[in-house]
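*Asks:* Just dropping this structure here.
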Amino acid sequence: METIAVEYGLVLAGTLFALGLISVLVRRNVIFMLISVEIMLNAAGLAFIVAGARWGQADGQVMFIFIVTMAAAEVSVGLALILQIYHQLKTLDSDAADKMKG
Amino acid sequence: MIHLLWLIPTLPFLGALTLVLAGSSLPRRIAAIIGCGSIGLAALITLLIGYEFLTTHTRAYHDVAWSWFAVADLSVGFSFHLDALSLVFLFVITFVGFLIHLYSVGFMHDDEGFTRFFAYLNLFVCAMLLLVLADNLVLLYLGWEGVGLCSYLLIGFWYDEEKNGYAARKAFIMTRVGDTALAIGLFMLFGVFHTLDIQEILTKAPQLWSPGSQTATLIAFLLLGGAVGKSAQLPLQSWLPDAMAGPSPVSALIHAATMVTAGVYLIARMHGIYELAPLAQLWVGIIGAITLLIAGCSALTQNDLKRVLAYSTISQIGYMFLALGIGAWSAAVFHFMIHAFFKALLFLAAGTVIWALHHEHDMFNMGGLRKRMPVVYWTFLTGAGSLAAIPLVTAGFYSKDQILWLAWGGAQGNLWFFVAALTGAFITSVYTFRMVFVTFFGEEKTHVGHHPGRLMNVPLIVLAVLSLAGGLIELPHTLGHVTLMSDLLGPVLPSTVLRAGAESSEIVIQLIAATVALSGVLLAYILYIVKPAVADDIKSSCYEVHRLWYAGWRFDDLYNVLIVRPFVWLSQINKHDVIDRFYAGLVAGTEYFGRTFARTQTGVLRWYIMGITAGAVLILALSLVINP
Amino acid sequence: MILLWMIVILMAGGVLAGIVATWSTVWCRIIALTSVILDTLLIGWIWAGQEVSLQPGATWIAEVNLPWIPSFGISFHLALDGLSLLMLALTFFLGIFAVLLSWNEIQYRTGFFHFNLLWVLAGIAGVFVTLDLFLLYFFWEVMLIPMYFLIGIWGHANRQYAAYKFFIFTQASGLLMLLAILGLYFVHGNQTSVYTFEYSDLLNTPMSADLARWLMLGFLAAFLVKLPVVPFHTWLPDAHSEAPTAGSFILAGLMLKTGAYGLIRFALPLFPGPAVEFAPWGMLLGTVGIVYGAVQAFSQTDLKRLVAYTSVSHMGFVMLGVFAFTEIALQGVVMQMITHAISTGALFVLAGALYERMHTRDILQMGGFWKRTPFMATVSLVFVMASLGLPGLGNFIAEFLTLLGAWPASPVLTAIATAGLVAATAYSLRIMQKIFLGKDSHTHVLPDLSLREKLILVPLAVVIIMLGLFPQRVIDTARATVEISDKQQNTTPVPVRGMLSEKGGNHE
Amino acid sequence: MQATFYIASAVAVLATIMVITRYNMIHALLYLVISFLAVAIVFFILGAPFIAALEVIIYAGAIVVLIIFVIMMLNLKEEAVEQERIWFSGNTWIGPGVLSVILLGELVYILVTSATPEVSHQVIDAKDVGRSLYGPYIIGVELCGLLLMSGIVGAYHLGRQKKKVVHRFLEKTE
């Protein structure tokens, strides 16, 4: 059976993370930003799985489960916030929500 | 009787206290009785004590009222020391003080601050008595500052006039400059002797210091600083003419008879130190000589009757300093006493004139008062004669002649001192009789408003008698040879050593002095009676000099430029405290940074994420660089 | 135990007064007054029962030592010696007048005012008796925060600014002290493995000279700012001029004294070595303060600001005296603390009285008041003369002893400080001149002092005169304390002291 | 095996690139599902079949559906796509792109320079994960429970349709 070097898994995770990051930074639409955050979370989870596979331990997967839980909670609260923002500001533009500027 | 000594300062103090507490609610009559009565009683006790002191041949009497404060090796008592020197001062203060109080009852009769006036005056007498009775320098300093306070209050007595207040302030501050020197002198004395008891210092000083010792000289100079301030000598003399803003009795009591001679008292009291510091003593003489000349010149040019007398006072105290400077201790004290009599007399008489002419101060607006106010005229003439040292009949002649003689014939005297004193004597008689002729002769220019009552005349007459007869207690060898005064002071003050071979010239000096005094009178007579035009000619031909002298040699301007203005300028320019600018700057800086960084808080979410990313990049990069 | 009671009475009185005020402001004032008077009686009773002269090295007159947080070595340790006794007596004595002063002036939120007032007093009293450094910091804060409210709520127009300034200055410096206290605590703990905040244990903590220097600077920061010493004084004029009369009164009379007390009780004994090193600078700062304060005072037109700068000037004498390390100078400092409290406090009372009548503090708008208010003028004269150091009044004894004691340590600085007295004369007489002398061209209704004001000022005047004529009782009471701290400083090696006087002489 | 991994990886990366470049939200979400599925395959290859299943169910299933629901609720139309196009154009890419590439570069550098051990081929199944979860990580599970709970409460609270508040002074009183 051929083996996969750990770094390839990690490079994949890094790439996905970077793509998600680019998107978060570029997008002004809040929903897109949320989607991008999901990509990044997923990438982080991937890194945990790779690490877990390297040591043959279950801990990496446990962490992934925690991440998923967190992502779910985050998405639900995030979407609720998006709804509120849309209702208040009539737009999905994140830059419009700048009332707290110094 | 002598154990009643503590009553002498206490009585005026109680008087002052009562008058202050009772305030203006007290009827004038009672205020007058309290004011004069307390001093009168003190004078009476002084006389009794003096009698006992003389008859029992006591050398000194010591009385501790209470221990004032004691810390470590410093122990200061509220305690009195009576010896011949303080007795003379005591006598002058209480007796002349009493006469002036009596006079004031008439003089201040219509003033609304009647009670306040007597309260201050009583307080002054109390402080002055403490000054001369103090057995230690701290108590002396208390009296010293106390008289300063009263002088301040009394110069500014008519506080409605703003300039009176400023004159008072000037007097207080200028004397305080001298006091600072005195205080530093006390610190040094304590540093050396670990005591501030005067007698102890005087006994210990010769054991610790050899003549000419540096410390002794320095201390002597510092004490001289104090004396110069209080006695209005060069360079701190310019407050006294302005101090004439006070009521005339105040000028008579404080600025002629007593307070201004405190410097003389101090130096006489601390004579032991000056004997060990010949340089300082020489400077006492030099200051006296210069002061008597410049003040005399200024007196020549004044028009204000009281200012003439003020400059004359400065000049006469200059004589006393000169006497002290040449070691003629008892001559200085003798002149002090006689001066107190005739100068108080002159001030009171002048006060009466001014009062009678509705506060007219300019003597060229007076004239012809000889007939209108005979009592004042005759008493003033007596005083003036005494001041000008008219030979034989006046007391001033005997006291001043002694100084003149010792300036020449004393071991420490020299030609310069003698010439200065002689010139001063000439100037004195010129300006004195200028005053007499201008004020009392010629035609009447201002109508006499009110005439003095008996209450004001009696003190004048008593003082006039004293300024004539006072000289009889000390007559020179050539004329009767009475030495009551120097005998009395003998145990306290060392006697003056004569220069070898000079004894024979005493009569010559006396003749010269008499001639000079009389020629001064003659000159005044020519200039102001016979040919008044000449006086005006001289005045206009030497206009610049006249102005300089009139302005008291412009010392005021000098101090204004050198000290007062820079101080006020410095103070004004920094009114808002430059140090506070520093803290304000700190606050402004903090606020600026706060605002600047607040601007990074754009409210744009993506910027924050960008920030986080940049931070992550940076941290990773750092970890790569530091730990590759 | 009596010490604890004194503080508890004030604190409880404050709470009670605060509560009662909802129903009756008069009773609130009466409760406040009663609690302060009670404390005054207590301290008077202690003082009366005290031997005139404490034996040197005697134990404390009264002491309370209760464990507070034993695991950190913090105890509630209060003790009273001669110096503390004087300070406590002063605190309570002036406290009475502070309550009386606010009788008419404070008309809103009376309850909270009296709560703050009494708690400030409690904090100050606490500082004067505490022997536990943690407790010291605690009381330091207890007096700070209510004072902040006193200025910030009941002050004049610019009160917010003044209150913040006061708070930031004192709090920042107080935190430095806390740091130093903790530093000392851990150093001592490391050395002896006994972790304690107890003063007497910390007294002889061995430590390196460098460390000691830094720790001392921490303490000095708090005390010098509070005193205040010249570069750190700028909070004082603002705080004074904006505070209500009672606030200025307590600030000038008592709070500044905690700085002086702290120097004598804590900073010097805890760090004898660095203190000697610092001494020339301390004396220099004192002298600069004397002269600078006097010059500043001369130019002020706001009466309260003027008096505030005179405080700066007078506190310079404290610095000069404390760092001279002679018994005479220290006695002078103790005397200065008391007399300055009374004379300057009284001047603030007068400023407050004038403000009540004229609604201005600008002395240029005054003048010629003597005729209409002779009583006020006479009383002012007493305090103005006290402030310029007229012999016969208490301040003279203080300044004379301080200067006399400082002379051997540094003749040059002492001479400059003495010359500062001339400037003191100038500004003091300016007060008289501008307010009471001159032409009276005003139309204000200007009644003379009321009975209540007389009740405040006359006792103060009597005390300042008595202190000037019979100061020995005070000197005797403080003697034991002063001798101890003098001795501590004298144990430092002789060459250092020799250098000190030489160095002191050369600093300009 | 290796080939599968590489293909899945390539799909994941490409799908993600598509996600981040779409203007239409629904399109993006569909690519996102593909990306998640690809990652699920990677999980499977790495010996985590349970997690692969979770990935499909929760990420590709639940979360994406949730987002779609919200999009539907917001009722976004063509204008939203246009808006997105406008926002998206220009050089907004450059800064974030450079930053992210640097970050990626650093990551890769770190990974490449460090030692490269092989992945073990032991399959860790749901049982192992369960033992771990309810053994040493029990606290974490509890906390996750709390997190979800608060997520629900929070979502409910925030998602309620409240009266619109523009400004308290402009608020209409009914």
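*Asks:* Please work out which residue is nearest to B:TRP607 (Cα to Cα), limiting yourself to the stretch A:25-34 and to residues that are within 7 Å of chain D (Cβ to nearest Cβ) and touching a residue at least 60 places away in the same chain (Cβ under 8 Å).
*Replies:* A:ARG28
*Asks:* Is it true that B:ALA119 is over 29 Å from B:ILE267 (Cα atoms), touching a residue at least 12 places away in the same chain (Cβ under 8 Å) and either of a type in the set (Gly, Ala, Ser) or touching a Pro at 6+ places or on another chain (Cβ under 7 Å) (or both)?
*Replies:* Judged against the criteria, B:ALA119 is a match.
*Asks:* Is there any pair linking a residue in the stretch B:152-171 that is closer than 12 Å to C:LYS434 by Cα to one that is of a type in the set (Lys, Arg) and buried (at least 22 other Cβ atoms within 10 Å of the Cβ), with Cβ under 9 Å and at least six apart or on different chains, and which?
*Replies:* none
*Asks:* Could you list, in sequence order, all residues of the stretch C:224-239 that are surrounded by 24 or more Cβ atoms within 10 Å (Cβ to Cβ), outside any helix (DSSP H, G or I) and facing chain B (nearest Cβ under 8 Å)?
*Replies:* The one that is surrounded by 24 or more Cβ atoms within 10 Å (Cβ to Cβ), outside any helix (DSSP H, G or I) and facing chain B (nearest Cβ under 8 Å): C:HIS233.
*Asks:* Residues B:LEU41, B:LEU99, B:LEU82: which one is in a helix (DSSP H, G or I), away from chain C (no Cβ under 14 Å) and farther than 30 Å from C:VAL379 by Cβ?
*Replies:* Going through B:LEU41, B:LEU99, B:LEU82 in turn, just one is in a helix (DSSP H, G or I), away from chain C (no Cβ under 14 Å) and farther than 30 Å from C:VAL379 by Cβ: B:LEU99.
*Asks:* State all residues of the stretch D:111-126 that are surrounded by fewer than 17 Cβ atoms within 10 Å (Cβ to Cβ), at the interface with another protein chain (Cβ under 7 Å from one of its Cβ atoms) and either assigned to a helix (DSSP H, G or I) or modelled with pLDDT of 75 or more (or both); if no residue qualifies, say none.
*Replies:* D:VAL112, D:GLN122
*Asks:* I want to confirm something. Restricting to the stretch A:35-45 and keeping residues that are more than 7 Å from chain D (Cβ to nearest Cβ) and farther than 16 Å from D:VAL11 by Cα, which single residue is surrounded by the fewest Cβ atoms within 10 Å (Cβ to Cβ)?
*Replies:* A:ALA44
*Asks:* Quick one: which helices (runs of 4 or more DSSP H) sit completely within the stretch B:554-605 and have at least 2 residues that are more than 17 Å from C:TYR292 (Cβ to Cβ) and within 14 Å of chain A (Cβ to nearest Cβ)?
*Replies:* B:578-599
*Asks:* Within the stretch A:37-56, track down each residue that is farther than 20 Å from D:VAL33 by Cβ and out of contact with any Ser or Thr (no Cβ under 8 Å at 6 or more places or on another chain).
*Replies:* A:ALA47, A:PHE48, A:VAL50, A:ALA51, A:GLY52 - these are the residues of the stretch A:37-56 that are farther than 20 Å from D:VAL33 by Cβ and out of contact with any Ser or Thr (no Cβ under 8 Å at 6 or more places or on another chain).
*Asks:* Another one. Considering each of B:VAL492, B:VAL458, B:VAL462 in turn, give the residue that is at pLDDT 80 or above, within 25 Å of the chain's Cα centre (by Cα) and part of a helix (DSSP H, G or I).
*Replies:* B:VAL462
One line per residue, one yes/no per condition, for (1) hydroxyl-bearing (Ser, Thr, Tyr); (2) at pLDDT below 90:
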{"position": "C:LEU38", "(1), (2)": "no, no"}
{"position": "C:ALA58", "(1), (2)": "no, yes"}
{"position": "C:ALA62", "(1), (2)": "no, yes"}
{"position": "C:PRO67", "(1), (2)": "no, yes"}
{"position": "C:GLY82", "(1), (2)": "no, yes"}
{"position": "C:PHE97", "(1), (2)": "no, no"}
{"position": "C:THR110", "(1), (2)": "yes, yes"}
{"position": "C:ILE124", "(1), (2)": "no, no"}
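*Asks:* Continuing with the same structure: Those residues that are of a type in the set (A, V, I, L, M) and more than 11 Å from chain B (Cβ to nearest Cβ), I need them from the stretch C:309-340; list them, please.
*Replies:* C:MET315, C:VAL318, C:MET319, C:LEU320, C:VAL322, C:ALA324, C:VAL333, C:MET337, C:ILE338, listed by residue number.
*Asks:* Which is part of a loop (DSSP other than H, G, I, E, B) and farther than 23 Å from C:LEU330 by Cα, of C:THR22, C:THR40, C:THR34?
*Replies:* Sole residue among the options that is part of a loop (DSSP other than H, G, I, E, B) and farther than 23 Å from C:LEU330 by Cα: C:THR22.
*Asks:* Still on this structure: Go through the stretch B:133-236 and tell me which helices (runs of 4 or more DSSP H), entirely inside it, have 3 or more residues that are basic (Lys, Arg).
*Replies:* B:162-193
*Asks:* Could you go through the stretch B:58-68 and let me know if any residue there is touching a Gly at 6+ places or on another chain (Cβ under 7 Å), within 14 Å of chain C (Cβ to nearest Cβ) and more than 19 Å from C:ILE475 (Cα to Cα).
*Replies:* Taking every residue of the stretch B:58-68 in turn, at least one turns out to be touching a Gly at 6+ places or on another chain (Cβ under 7 Å), within 14 Å of chain C (Cβ to nearest Cβ) and more than 19 Å from C:ILE475 (Cα to Cα).
*Asks:* Determine, yes or no, whether C:SER410 is more than 22 Å from the chain's Cα centre (by Cα), small (Gly, Ala, Ser) and surrounded by 24 or more Cβ atoms within 10 Å (Cβ to Cβ).
*Replies:* When the stated conditions are applied, C:SER410 passes them.
*Asks:* If you don't mind, there's one more thing I want to ask. In the stretch B:11-39, which residues are under 19 Å from B:LEU131 (Cα atoms) and in contact with a helix residue (DSSP H, G or I) (Cβ under 8 Å, 6 or more places away or on another chain)?
*Replies:* Listed by number, the residues that qualify are B:LEU11, B:PRO12, B:PHE13, B:LEU14, B:GLY15, B:ALA16, B:SER38, B:ILE39.
*Asks:* A further question follows. Name the residue, out of C:TRP140, C:TRP103, that is in contact with a Lys or Arg (Cβ under 8 Å, 6 or more places away or on another chain) and either within 14 Å of chain B (Cβ to nearest Cβ) or of a type outside the set (Asp, Glu) (or both).
*Replies:* C:TRP103
*Asks:* Then there's this: Determine, yes or no, whether C:THR287 is under 18 Å from C:ALA162 (Cβ atoms) and of a type outside the set (Phe, Trp, Tyr).
*Replies:* When the stated conditions are applied, C:THR287 does not pass them.
*Asks:* Would you be able to say whether some residue in the stretch D:153-169 is within 30 Å of D:PHE50 (Cα to Cα), modelled with pLDDT under 85, in a helix (DSSP H, G or I) and more than 7 Å from chain A (Cβ to nearest Cβ)?
*Replies:* no
*Asks:* Could you list, in sequence order, the residues of the stretch A:1-24 that are within 7 Å of chain D (Cβ to nearest Cβ) and either touching a residue at least 24 places away in the same chain (Cβ under 8 Å) or closer than 16 Å to D:MET18 by Cα (or both)?
*Replies:* Passing the criteria: A:VAL6, A:GLY9, A:LEU10, A:LEU12, A:GLY14, A:THR15, A:LEU16, A:ALA18, A:LEU19, A:LEU21, A:ILE22, A:SER23.
*Asks:* Continuing with this model, one more query. Could you list all residues from the stretch B:506-538 that are more than 27 Å from B:LEU406 (Cα to Cα) and either at pLDDT 90 or above or not in a helix (DSSP H, G or I) (or both)?
*Replies:* B:LYS531
*Asks:* Output the qualifying pairs, or none if there are none: Cβ atoms under 6 angstrom, residues six or more apart or on different chains, first residue in the stretch B:393-422 and among the acidic types (Asp, Glu), second residue in a helix (DSSP H, G or I).
*Replies:* Once the first residue is among the acidic types (Asp, Glu) and sits in the stretch B:393-422, its partners that are in a helix (DSSP H, G or I) give B:ASP401/B:GLN510; B:ASP401/B:ALA513.
The values are calculated or read from the model by the stated rules, or taken from the named source; none is laboratory data. Just so we're clear, the structure is a prediction, and the values are computed from it rather than from any experiment. Note that each Cβ is placed from the backbone with ideal geometry, even for glycine, and that neighbours are counted across all protein chains shown.
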